[in-house]
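Every number here is computed from the coordinates shown, using simple stated rules; none is lab data. Since we're looking at a predicted model, the values are computed, not measured. So basically every Cβ, Gly included, is an ideal-geometry build from the backbone, and we count neighbours across all protein chains shown.
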Amino acid sequence: MTQYRVLDEKICLSAIKYLWNNEIVGYQISRTMNPLVLETFRKSFDKHKDVTGLIVHSDQGSHYTSRAYHDMLPQVGAQISMSRRGNCYDNASMESFFSHLTVEALYPYDIRSIDEAQRRIKEYIRFYNEDRAQRKLNKLTPVEYRNQLVA
């Protein structure tokens with residue numbers, strides 16, 4: 001999860017990235033952090049029904065150490081992977097995505113409203129999944145890579 005400042009307000013983004021092809025498979029945008037992480041996972045689990053064996057990597061933020069989070073994931077067959085405090089490796093891939101989003105979709109623009117920030121975030125996630133080629137994926141986009149190997 002990350003936060004962005006828009007004038008005197010903030011916007012929060014929680015996203016789920018599939019490490020196999022770097023695709024953002026679920027995300028939620030909100031003005032508050034409270035139910036955001038749980039809502040992101042619920043929305044993603046509704047979309048992707050079979051998540052048995054899924055390993056969820058996260059940092060040790062309060063949303064990922066909460067009782068509700070630790071109760072929810074095993075109920076759908078997912079496992080929690082959380083490194084010890086101060087070890088950033090479990091969350092490095094998401095932090096990299098958030099950095100790309102910030103540098104490519106938010107900072108270059110003079111964003112004046114929460115609606116504009118939300119629009120830019122949604123557009124960037126679509127761009128990242130469908131148009132932004134990645135060296136790790138043999139210069140394919142995450143969606144192209146998935147489609148090529150699933151077909």
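Can you check what the Kirkwood hydrodynamic radius comes to for the chain, Cα pairs only, in Å to one decimal? Each step should come with its number before you reach the end.
Working: mean 1/r = 0.0611 Å⁻¹.
Mean inverse Cα-Cα distance, inverted, gives 16.4 Å.
First check a/c for region 79-142, with a ≥ b ≥ c the square roots of the eigenvalues of its C-alpha gyration tensor; if it is under 1.5, answer rounded, and if not, answer prolate when a/b is larger than b/c or oblate otherwise. Oblate, because a/c is 1.5 or more while a/b does not exceed b/c.
Look at the dipole of the chain built from charges on Cβ: of Asn21, Gly61, Thr102, the Cα furthest out on the positive end belongs to Asn21.
If only the Cβ of Lys and Arg carry +1 and only the Cβ of Asp and Glu carry -1, the dipole of region 48-107 around its Cα centre is close to 200 debye. Taking every lysine pair in the chain that is 8 or more places apart or spans two chains, those with Cα atoms closer than 21 Å amount to 9. For the chain, the longest piece that avoids every one of the chymotrypsin sites (Phe, Trp or Tyr not before Pro) found in DSSP loops with at most 16 other C-beta atoms within 10 Å covers 21-108. Between Glu130 and Glu116, residue separation times 0.36 nm minus the direct Cα-Cα distance comes to 3.0 nm. Only helices enter the 222 nm calculation for the chain: every DSSP H run of n ≥ 4 contributes -39,500 (n - 2.57), and dividing by all residues gives -11500 deg cm²/dmol, rounded to 500.
Just rank Lys47, Lys17, fewest to most, by other beta-carbon atoms within 10 angstrom. Write out the running numbers ahead of the final one.
Values: Lys47 9, Lys17 20.
By the 10 Å Cβ count, ascending: Lys47, Lys17.
Taking amide H as placed 1.01 Å from N in the peptide plane, Glu23 has its amide H under 5 Å from the amide H of Tyr18, each at least 5 places away in sequence or on another chain.
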